[in-house]
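Please read the structure below before turning to the comments.
The values are calculated or read from the model by the stated rules, or taken from the named source; none is laboratory data. Only a predicted model underlies this, so the values are computations on that prediction, with no experimental measurement involved. Every residue, glycine among them, receives a Cβ derived from its backbone with ideal geometry; neighbour counts consider all protein chains shown. What goes into the accessible areas is simple: the full protein's heavy atoms, side chains included, and nothing from ligands, DNA or RNA. Shrake-Rupley method; radii C 1.70, N 1.55, O 1.52, S 1.80 Å.
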Amino acid sequence: MKPLLKSLPKMVLFSAIFLTSTMHTSAQSWNQIIKVIAQNNGGSSARSDNDFYARSVSISGNYAIVGAHFEDHDANGSNSVENTGAAYILYNDAGNWVQVKKITAPVREPFDEFGLSVSINGDYAIVGAYAENEDALETNTLDNSGSAYIFKKDQGGTDNWGLVKKITASTRAIEDRFGYSVSISGNYAIVGAHADDEDANETNTIDDSGSAYIFRKDQGGADNWGQIQKITASTRGIQDRFGHAVSIGGDYAIVGDPFEEEIDVPEANTIFTSGSAFIFKKDQGGADNWGQVQKITASVRAPGDNFGNKVAISGDYAIVGAPYENEDALEANSLYSSGSAYIFKKDQGGADNWGQVKKITASSRAAEDFFGLGVSINGEYVIVGAPSEDQDANEINTLTASGSAYIFKKDQGGADNWGQVQKITASVRATFDSFGTSVAIDGNHVIVGAPGEDHDASEANTVTSSGSAYIFHYTPPLPVTLITFNAVKNENQAMLSWATTMESNADYFDIQKSVNGHFWKTLGHVQAAVESDQLRSYSFIDNNPLDEDSPGHENLYRLKMVDLDGSFAYSRIISLSFDNHRQTILYPNPVSDKLYCNLTDAANIASISIINSTGQIMSQSFEYGKAGIPVNHLTPGIYLAQIRKKTGAVQFKKIIVVR
């Protein structure tokens, strides 16, 4: 059996840095924009063996959260406590996702596993610590009773994510594992306790039948998150594990019960661990009461499917993962634990009825892929993780359990049909990375966890199963065909020009400049034609280009092409230097093994960084003698060499890596 967890140079240069001059922006795709790893507050590395960073992920707007439940150190990288856990807040800074905060529990104990579950929505985040022992006041020890922690943006300072509340179940017992799953949306949060034994009234003990708890903001005081309800399945069984997965959105919540076995919806037809899920609705049965409205199961059930292992709900749709299910979407072609997921729709088959509209599987399946071990839904898209899948996005280059994820879209292939639009994998893959163990989607961004991954963001510095997360961005279609984009010097000015052959609903062009490819300034605004099928030419003058006396004397320019509905895409990046001195030469170029520069140049260089398409530094060198700069670890493609002089001046050189 393939393990679920083990212990490029991502080649798309600065969005599209050295593409051919014609750019037709109507193509649609989800592209990796960054790989992120754990850092301590202050910027030092927080990576250690078997941290399993990104075992859990969540994303909301410009923020994301990543859990590392086996991390040992506090927020500053000190005070090691074995497997106490941590979580990390990421922020989308104009397209560059950066870590803004590492968070830990205020009281840390060994094996708490803070971060096994995480969720973020708006200004709040919740982190589960299912193996934590103390109550909210840090007293009354009960082994593995579990807890969860709610953090708020700007709590304790601008853009600081500070703890506002530790929450526990109103009635606690050993091994309840409260916090095994968490979800937060608006003013409500839900926490799963999949090993709890009692019903909602704390009577009728059934071992590990499971439960979940609803909390509300301002319940019991301003910004206090107070418990308002405990919920359990309408019919409970031994080791059903209700609460193994939870999700909440708007007026609905869904709870997974993956080991539930005896019964389909009419409470008959025993099938061992086939699994089920339960949907609850706010105000069902009374004001602010969360009442069960439906139990859902797969249309075709089999032993060990584990339907309900993962769940997600958004608007009128819900998705349920069954990672150990064997059949394809047509209930044929059995492949052991290839996995599947099921999409349900509100009012399908009757008012407030949640009916199955689609079973989805991967376009290419294999035994023990575990498709469905991660699921997320938002708007018209769902993403499903298959962490033990072996092939890349083109179904080649087998690497055992490297992992993948699949994106499906509503109405793809027919009304209310959810069709696969893309398979995504990490740009650099390795065996047992387990990419797809956790997934989350919101708007035009997805985040995918690879807790078994070993390398840092530059694909170096191996730390076994330290883990990483990958963020992908969807570029919506913009019907603009850009055929040229150029920059030339005119005395002390930079003259920019570009031309299009087709525009439809095109609003305007923003002209942007950068000195390093990371941070961009908008210089000006040129109106587009809106509608055109003719050759149209545009121009813009930068009256204040940088010169060599300024750090970063190389000018990088790009166009931001904005549609009438606000969607946008970027052009390729072009460069222009006002340096009148001899340029540093790196050779050979193209290069397969090492880059060299002459010794005269080397004496004036502070550093040379090799940068990939997303702006990540893939390698950095500080010595340039006869040893050269190794590039044989980079994936073939186009990169930028950023040459920083000791004077502070910067040059950029295009480097082509070949094999």
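Of all residues in the range 638-656, those satisfying the criterion of being open to solvent by 10 Å² or more (accessible area, probe 1.4 Å) and either of a type in the set (K, R) or touching a Pro at 6+ places or on another chain (Cβ under 8 Å) (or both) are R644, K645, K646, G648, K653, K654, I656.
How about the range 203-223: which of its residues are acidic (D, E) and either under 13 Å from V164 (Cβ atoms) or open to solvent by 60 Å² or more (accessible area, probe 1.4 Å) (or both)? If you could, list the steps in order and put the result at the bottom.
Initially, the range 203-223 is screened for residues acidic (D, E), giving 207-208, 218, 223.
Matches in the range 203-223: D207, D218, D223.
Do we have any residue at all in the range 394-411 that's open to solvent by 40 Å² or more (accessible area, probe 1.4 Å), polar (S, T, N, Q), closer than 24 Å to S119 by Cα and not in a loop (DSSP other than H, G, I, E, B)? Within the range 394-411 (the criterion being open to solvent by 40 Å² or more (accessible area, probe 1.4 Å), polar (S, T, N, Q), closer than 24 Å to S119 by Cα and not in a loop (DSSP other than H, G, I, E, B)), the answer is no, since none of the residues qualifies. Beta carbons closer than 8 Å, at least 6 apart along the sequence or on distinct chains, pair a first residue in the range 204-220 that is more than 19 Å from S145 (Cα to Cα) with a second that is open to solvent by less than 50 Å² (accessible area, probe 1.4 Å) and of a type in the set (S, T, Y) for R216/Y188; K217/Y124; K217/Y188. Within the range 412-427, if we keep just the residues that are touching a strand residue (DSSP E or B) at 6+ places or on another chain (Cβ under 8 Å) and in a loop (DSSP other than H, G, I, E, B), the residue that is farthest from A393 (Cα to Cα) turns out to be D416. Scanning the range 177-209 for residues that are among the charged types (D, E, K, R) and closer than 21 Å to G67 by Cα yields one hit, R177. Quick test for you: out of S458, S465, S427, S404, pick the one residue that is over 22 Å from K359 (Cβ atoms), in contact with a Gly (Cβ under 7 Å, 6 or more places away or on another chain) and hydroxyl-bearing (S, T, Y). That would be S465, the only listed residue that is over 22 Å from K359 (Cβ atoms), in contact with a Gly (Cβ under 7 Å, 6 or more places away or on another chain) and hydroxyl-bearing (S, T, Y). I'm checking my understanding of the structure. Among residues of the range 601-618 that are within 21 Å of the chain's Cα centre (by Cα) and open to solvent by 20 Å² or more (accessible area, probe 1.4 Å), which one is farthest from V650 (Cα to Cα)? Among those that are within 21 Å of the chain's Cα centre (by Cα) and open to solvent by 20 Å² or more (accessible area, probe 1.4 Å), it is T614. Contact annotation: residue pairs with Cβ atoms under 7 Å, 6 or more positions apart or on different chains, pairing a residue in the range 421-437 that is at positive phi and surrounded by 20 or more Cβ atoms within 10 Å (Cβ to Cβ) with a partner that is hydroxyl-bearing (S, T, Y) and assigned to a loop (DSSP other than H, G, I, E, B), are F432/T400. Would the range 194-204 turn up any residue that is β-branched (V, I, T) and at pLDDT below 95? Yes; the residues of the range 194-204 include at least one that is β-branched (V, I, T) and at pLDDT below 95. Any residue in the range 183-195 that is part of a loop (DSSP other than H, G, I, E, B) and either among the acidic types (D, E) or closer than 17 Å to A136 by Cα (or both)? No, the range 183-195 contains no residue that is part of a loop (DSSP other than H, G, I, E, B) and either among the acidic types (D, E) or closer than 17 Å to A136 by Cα (or both).
Checking the conditions here, which among E138, E202, E198 is closer than 27 Å to T84 by Cβ and either in a loop (DSSP other than H, G, I, E, B) or over 24 Å from the mean Cα position of the chain (by Cα) (or both)?
On the way: E202 fails: closer than 27 Å to T84 by Cβ; E198 fails: closer than 27 Å to T84 by Cβ.
So the residue among E138, E202, E198 that is closer than 27 Å to T84 by Cβ and either in a loop (DSSP other than H, G, I, E, B) or over 24 Å from the mean Cα position of the chain (by Cα) (or both) is E138.
Of the residues making up the range 163-182, those that are in contact with a Phe, Trp or Tyr (Cβ under 6 Å, 6 or more places away or on another chain), in a strand (DSSP E or B) and open to solvent by 10 Å² or more (accessible area, probe 1.4 Å) number 4.
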